[in-house]
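First up is the structure itself, then whatever we jot down about it.
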Amino acid sequence: MKEFFLLKLLDRFASFFNSLGINYKQLRMILKVKLTLDHRNVPTIMANTKNVENKNLMVMSMFIYSFMGLMISIFVWIPFSTFYKMNMIFGMIIFMILATMIADFSTVLLDVKDKNILLPRPIHNKTIKMAKTIHILYYLFRITLALSGPSLLMCLIHFGPVFFLIMLLEIVLICGLVMFFTSLLYFAILSVFDGEKLKDIINYFQIGLTIFITIAYQFIGRMFSITQMNINFTPKWWNYLIPTTWFAAPLSILTEKSYSIFYVASTAMAVIIPIACFNIYIRTIVPYFEQNLQKLNDNSGGKRQNLQVFRLKKAIASLVCGDKKERAFFTFTQNMIASERKLKLQLYPSLAFSIVLPFIFIFITGSQNSFAETLNALHTSNGYLCIYIGIAMTSFSVYFINMSEKYKGAWIYKALPIENPSAMLKGAFKAFMFKFNIPIVGALGIIFIFLCGPRIIPDVILMLANMLLLAILFFKLSSKQLPFYKDFKTMQSGSNVGVIFLLMFICGVMAGIHFALKQFVPFGITINIAISTIIAMLIWHYSFKISWKDIEINY
Amino acid sequence: MSECAISIRDLYMSYGSKQVLNGINIEIPRGKIIGYIGPNGAGKSTTVKILLGLVTNYKGLVKVMGQDISDGNVEYKKKIGYIPETAEIYDNLTAREYLTFLGEMYGMSYEEVDSKAKKLMGLFGIEEVYDSRITSYSKGMKQKILIIASLIHNPDVLFFDEPLSGLDANSALIFKEIMSSLANQGKTIFYSSHIMEVVEKISDRIILINNGNVVADGTFSQLQVQSQEGSLEEIFNQLTGFNEHKQIASDFVKVIGA
């Protein structure tokens, strides 16, 4: 364990902590362990090696946050009024911090492991709580610094040191506010739900948020052209409810000498509300968490199986899988992915994008026209080819077939008398197709048929064929491993982007061929459907003869 | 030394509407090994969790080494050692890091815990993994770490929940021997297990709970007399009102062969 800077800093306040009734020595030890553990979240492959401290992941994420911070800081130079500008900047910073807190810190906030290890020891509750709070704050400050650092620097250059200092102070206050909001949200979720349901809700919430953030980013560019006009701000009563105005107000007073009651009152709120909220957080919410975290481990309450859904699933399974073992794997895979939270968290956002992105793309390319004009143009244009973007995004799902949180359960494959592992792979692949790819691309196709007219029905059929071809090709090319076999940790954080680009590229080629055949060859679409289907079937039948020797096994 | 190591009076506990403990009364003097047994869901681990301060919203009076544990003072935990049944460990730490961390939490010096832990690991024959991450350990090795972690601060009261799980026969033998010498030194051991043969052999006194009530409390021979049965397993079956094991077993086998 190495010495952390944070701990050295805290050492200076040792007597302060002790005067609060906190055992500083214990506090320091707990934090040291926590920080060490955070540094050690490394791929399991390396777990046996002694003392590997992996900093890359952390440095990487800090780099990404700083980059976002840099983008935000561009706003400083746009010639708007300070009030408006700072509203935008604070808005983005608050949103980003809140989003990361909710997504990443549920693990710290809702940690039950801690409780079981620390509570049987002679550690006072106060000490444990303080350790937890400092731990969260430490990361909160790091992220905040990366996100707001560039803007702070730009402001220092643009507006001078006084502005800089006020803003810095406000950023600290913002942290307190974000802590409060995040915990309030989990507080609400915790009081309504329990057990598995609770974990599901958190999971869906995180997914929703990831989607929301990414889509919001898509729109920032568009927002600009809309908002590039003179803004006359007249305070209304509800403006008092928007946090960013509180924080922007004092800066406006400083640079624009706006001494009206609205700005003064907002400034007061910027100071009072975060401090009050942080107090409520410490006094009310933290104790509540301690009591209710127990619920996370509550697994009571069985779910009854819906008989009709069950029959439908069974019918689909026997329809698409001839082989008995393959069918068993098909059903098994569908049941597994229904309960894999990490899979959902990683996969669902990109699935949601596969539906949303084609539309965003259409509207971005047609941004000079009005909404109705863009829609109208679809009747005659080749805009429906945007479905290929969706196809590329959904095909990403294939990448996840061999990932699982419970990857250790995969020993069963070797214990079972399975002569031919290709049945497992085929069953799992089909399950993914029926669960994700076919419904999503099908839905996209139907929406576009409504928008573009029935003339594109043959094109949609071709796209479905191409989608299967792409997925099979991708599955064939990716490493041959058993389903639910690998830990998510082995997935490199950067490689996703590469894979998506590759898929995008192949899809682009497919779309090109699709377009060329349609334009220049008679019966081009029919020919293309035939070719794609035949290639897909050939790959499926001839290259999926996999034996146990071909399977990568890494125990 | 006259006071009890553990004293539980009228202990009630419920999770929501589910009543788990229905007024338990237990007095345990020092220097005894207590077998604490009962069917699944009888309230065994809840009792232990209350004694450890993991569960706090109980009703009744609970004292450990004479101290009422509800007053928020955590001093009494210094005298407690605990082996949980399903253990959470910070397993990304090495044994050295984990054990010294816990030792320091008990107020020991780093050097003291470090040398003690190393010696204990050596005695268990796993010294060579002292600086490896716990994730890489086998189940038996992890169990040994839990055993060392529960004893390193020389506690007076010990709560062992299935402590032998994962240990090979030789290590289990060592551990049983350790328990009886600790009891001879005046330490109290609260031993919870489903393996009746072991409980029967090592316990000075056996407490059986069922549906949140104490249904038997006494030495093994007292229980034998009371229930007219030979082995602890049979006593357990009788007192928990279970006598259809033969029928269920034969049905079970029939289903397999069908």
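When ranked by the protection proxy of mean other Cβ atoms within 10 Å per residue, highest first, what sequence do the peptides B:164-171, A:142-149 form? Write out the running numbers ahead of the final one.
Details: B:164-171: 14.9, A:142-149: 21.2.
Per-residue Cβ counts within 10 Å, averaged per peptide and sorted highest first, yield A:142-149, B:164-171.
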>> What does the C-alpha gyration tensor say about the overall shape of region A:397-489? Classify as rounded when a/c is under 1.5, otherwise prolate if a/b is larger than b/c, or oblate.
In response: prolate
> What residues qualify as long-range amide H neighbours of residue A:403, i.e. H under 5 Å apart, gap of 5 or more or another chain, H built at 1.01 Å from N?
Replying inline: A:484, A:485, A:486
>> Which residues does the label zone of residue B:88 cover in region A:132-172, counting backbone N under 18 Å from a point 7 Å along Cα→Cβ?
In response: A:132-136
>> Through the Karplus equation 6.51 cos²θ - 1.76 cosθ + 1.60, θ set to phi - 60°, convert the phi angles of region B:78-89 into ³J(HN,Hα) values in whole Hz; use x for Gly and Pro.
In response: 5, 8, 10, x, 9, 10, x, 6, 10, 9, 8, 9
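For peptide A:119-131, compute the average count of partner chain beta-carbon atoms within 10 Å of each residue's beta-carbon.
Numbers: counts 9, 15, 14, 13, 4, 5, 4, 2, 2, 1, 0, 0, 0.
Mean partner shielding for this stretch: 5.
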>> Can you compute 3J(HN,Hα) from phi for each residue in region B:5-17, using the Karplus curve 6.51 cos²θ - 1.76 cosθ + 1.60 with θ = phi - 60°, rounded to whole Hz and x for Gly and Pro?
In response: 5, 10, 9, 10, 10, 6, 8, 10, 8, 9, 9, x, 8
>> If you average the alpha carbon positions of region A:439-466 and of region B:41-65, how far apart do those two centres end up, in angstrom?
In response: 62 Å
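Taking square-rooted eigenvalues a ≥ b ≥ c of the alpha carbon gyration tensor, is the protein assembly as shown rounded, prolate or oblate, where a/c under 1.5 means rounded and, failing that, a/b exceeding b/c means prolate? Mind dumping the intermediate values first?
On the way: a/c = 2.28, a/b = 1.33, b/c = 1.71.
Cα axes put the protein assembly as shown in the oblate bin.
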>> Which lysines, if any, have their Cα less than 30 Å from the Cα of residue B:246, not counting same-chain residues under 8 positions apart?
In response: B:44, B:201, B:254
>> What is the distance in Å between the Cα centroid of region A:138-190 and that of region A:494-541?
In response: 48 Å
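Helix-derived [θ] at 222 nm for chain B: sum -39500 (n - 2.57) over DSSP H runs of at least 4, divide by residue count, nearest 500?
Working: 9 runs with 99 residues, N = 258.
The helix contribution divided over chain B gives -11500 deg cm²/dmol.
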>> From the phi angles alone, apply the Karplus equation (6.51, -1.76, 1.60; θ = phi - 60°) to region A:457-470 and give each ³J(HN,Hα) in whole Hz, x where the residue is Gly or Pro.
In response: 3, x, 4, 5, 4, 4, 5, 4, 4, 5, 4, 4, 4, 4
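If Lys and Arg each add +1 and Asp and Glu each add -1, what is the summed charge of the other residues whose beta carbon sits under 15 Å from the beta carbon of residue B:80? Kindly include the intermediate steps, with their values, before the conclusion.
Details: positive: A:121, B:30, B:49, B:63, B:77, B:78, B:79, B:187; negative: B:68, B:75, B:156, B:161.
Taking every other residue near residue B:80 into account, the sum is +4.
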> Taking chain B as a Gaussian network, Cα atoms linked when under 10 Å apart, which of B:55, B:64, B:20 shows the biggest mean-square fluctuation?
Replying inline: B:55
>> Check which residues have an amide H placed less than 5 Å from residue B:35's amide H, if you skip close sequence neighbours.
In response: B:191, B:204, B:205, B:206, B:207
> Taking chain B as a Gaussian network, Cα atoms linked when under 10 Å apart, which of B:211, B:22, B:40 shows the biggest mean-square fluctuation?
Replying inline: B:40
>> Could you report the buried accessible area between B and A, both sides summed, computed with a 1.4 Å probe and given in Å² to the nearest 100?
In response: 3000 Å²
>> Amide H of residue B:158 versus every other amide H placed in the peptide plane: which residues, excluding those fewer than 5 positions away on the same chain, fall under 5 Å?
In response: B:81, B:188, B:189, B:190
> What are the aspartates and glutamates whose alpha-carbon lies under 20 Å from the alpha-carbon of residue A:8, with same-chain residues fewer than 8 places away excluded?
Replying inline: A:38, A:53, B:97, B:104
> Using the beta-carbon distance between residue A:288 and residue A:457 and R0 = 51 Å, what value does 1/(1 + (r/R0)^6) give for FRET efficiency, to the nearest 0.05?
Replying inline: 0.35
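Roll a 1.4 Å probe over the protein chains and send me the accessible area per residue for the protein assembly as shown in Å². List each step's numbers first, then the result.
Details: 39420 Å² over 813 residues.
That works out to 48 Å² for each residue.
What do you get for Rg/Rh over region B:176-258 if you use C-alpha atoms and the Kirkwood form of Rh?
Values: Rg = 16.1 Å, Rh = 14.7 Å.
Value, to two decimals: 1.10.
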> Cα centroid distance between region B:66-115 and region B:173-213, in Å?
Replying inline: 22 Å
> Of the listed peptides A:16-28, B:82-94, what is their order by residue-averaged count of other C-beta atoms within 10 Å, with the highest listed first?
Replying inline: B:82-94, A:16-28
>> Please report the antiparallel percentage of DSSP beta bridges with both residues in the protein assembly as shown, rounded to the nearest 5.
In response: 55 percent
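The values are calculated or read from the model by the stated rules, or taken from the named source; none is laboratory data. Please read these numbers as outputs of a predicted model, since none were measured by experiment. Neighbour counts are summed over all protein chains in view; Cβ atoms, including those assigned to glycine, are modelled from backbone coordinates with ideal geometry. These area figures cover heavy atoms from the full protein model, side chains too; ligands, DNA and RNA do not enter into them. Shrake-Rupley method; radii C 1.70, N 1.55, O 1.52, S 1.80 Å.
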